[in-house]
Amino acid sequence: MDAKASMETEVSSCRRLNFDKVDQITNDEVSTPPVLNVIKDINKIHTLIPFELIPKMGMEFESEEDAYNFYLAYAKEVDFGIKRSSFHKDSNGKLMDRVFCCSAEGKREKDKRDLNVRAPRPETRFNCSAKMKVNSRQTGKFRICQLIIEHNHYLSSPNKSHLHRSHRKINYVHAAEIDMAYRVGIAPKISHELMALQVGGRENLGFIPEDYRNYLRSKRTIQMEVGDTGGVLEYLQKMQLEDPNFFYAIQVDQDALITNIFWTDGLMRADYASFGDVVCFDTTYRKNNEGRPFALFVGVNNHKQIAIFGAALLYDETASTFEWLFDTFARAMSGKKPNTILTDQDAAMAKGLISTWPETRHRLCIWHIFQNAAIHLSHVFESFKQFANDFSKCVYDFDEEEDFISEWNTMLKKYGLEDNDWLKRMFEIKEKWALVYGRETFCADMTTIQRSESMNSVIKRYVTYKNKFHEFFNHFERLVDDRRYKELQADFRAYMSTPVLPFDVDVLKQAASVYTPEVIRFHVVARSLNSLGFYARIL
């Protein structure tokens, strides 16, 4: 295969108009494609497209927009881009004529900064004269009065025509799909690929990933114009209109800037009325762009699932902030305070609880205890594999205080931790976390639930630190909706099925008719089996 044949093969994927042979090209002509013998080639292309899509002198259109759409459709068939160019208006501001031209029309003016530009943009304009001019002066309709069909540059192949800017547009259907994908947290790349697959390929979609990102960026810009304060208030007011039982409270500083926000909806308040005897409160989630503490009041429902009672975005974690928050939460729940609250080991939080909920039993969440132990005793966990079991034994396994204290001292001596400051502080508040001191305190098994499924791990699947306030609220709604759907599924299973009991006895049948399958599985059946094993050993 000679060099000429090789070159023809290389460009065969691109529709090309035949160039006249040019023996010499001057330096001034380097950036401009050679002159084309285009009339024959354009006519050949016209034979391949519908006759009614080909523009002709004298054709009329009802409006300038109709004329533009017609020329755009023609350009897509021939595979070039177009743009609106010059126009004239009468004294009343009415459009009289308009020129639609090829996107390669004209020539980029010489930039005085060219010497300083390290990476100049590629040239895309080649003085192409192809255009269609419409005029409405004679009949009031826009009639084609000038038409040039010849181009002086390569035309793209059909599978590339969708890359021209004029052929890319996100219509209202696409916009709705993009908005839905954004609300449910689907990444733009995955969403674009899915939409392209639905229409049979990217070339049929009508826009490219860059347009997708620009749409989201412009939408966020519009939302940001409202401002954080305005956006938050708009969201909360909208939620209250949709749900009359929606409750929110905002604390502002002396400059009228938002500091703390608390909100809860009607279903959360109803859940709290049923399951609010025990509440787990946590502020370890910082999943917004300002790094503000995000606090959740959660509990356990009748399916042993985490139920959200309320949420807050805080400015800081001072005692005064927690006092405001706990007081606001009680007001939202018609004055009802939990019997037990489980929190992280935080002095300011403990102070706020003492001043606002003195009658509430304060326990430290076991899940947080182990998380903090992994931080403060990381070198011990790495050096001694048995330490985790010994530490867990002190937390869970004792019924008598004397046994607990003895085992604790043994553990300190065994691993040389008698002088460890963190363990000393933990022992001073042992009544708040060691189960030997909380056997008679109802905790709704929150200790085990928090260990198996922390809300922190749940939240990070929905929101990130990059989220603005208005984005944060939308993603939090997704989290709440998903938790409620899991509860709906559990309700369905509870009503549409019955648990298989290990023994055909009346007490288990009675329990199965009252409790949910999860409660039966983890408590009634397990304890019945343990009791039977105990009596078997006695006999």
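The values are calculated or read from the model by the stated rules, or taken from the named source; none is laboratory data. Computed from a predicted structure; not experimentally measured. Virtual Cβ from ideal backbone geometry, glycine too; neighbours counted across all protein chains shown. Calculation scope for accessible area: heavy atoms of the full protein, side chains included, ligands and nucleic acids excluded. Shrake-Rupley method; radii C 1.70, N 1.55, O 1.52, S 1.80 Å.
Protein heavy-atom accessible surface, 1.4 Å probe, per residue over the range 349-399: 50 Å².
Of the peptides 350-358, 137-145, the ranking by mean beta-carbon count within 10 Å, highest at the top, reads 350-358, 137-145.
Between N127 and S63, the contour length at 0.36 nm per residue exceeds the alpha carbon distance by 20.3 nm. Between R108 and N339, full extension at 0.36 nm per residue minus the direct alpha carbon distance yields a gain of 75.7 nm. Stretching L197 away from R213 to a fully extended chain increases their span by 3.9 nm, per 0.36 nm per residue minus the current alpha-carbon distance.
As a calculated quantity, the FRET efficiency between L488 and K509 at R0 = 41 Å, using C-beta atoms, amounts to about 0.95.
Beyond 27 Å between alpha-carbons counts as too far, so tell me which of K460/K486; K337/K509; K160/K189; K56/K110 fall in that bin.
K337/K509; K56/K110
What order, most packed first, do the peptides 339-349, 44-54 have when packing is the mean number of other Cβ atoms within 10 Å of each residue?
Highest-to-lowest ranking by the protection proxy: 339-349, 44-54.
As a rough guide to protection, the peptides 292-300, 271-279, 173-181 ranked by mean Cβ packing within 10 Å, highest first, stand as 292-300, 271-279, 173-181.
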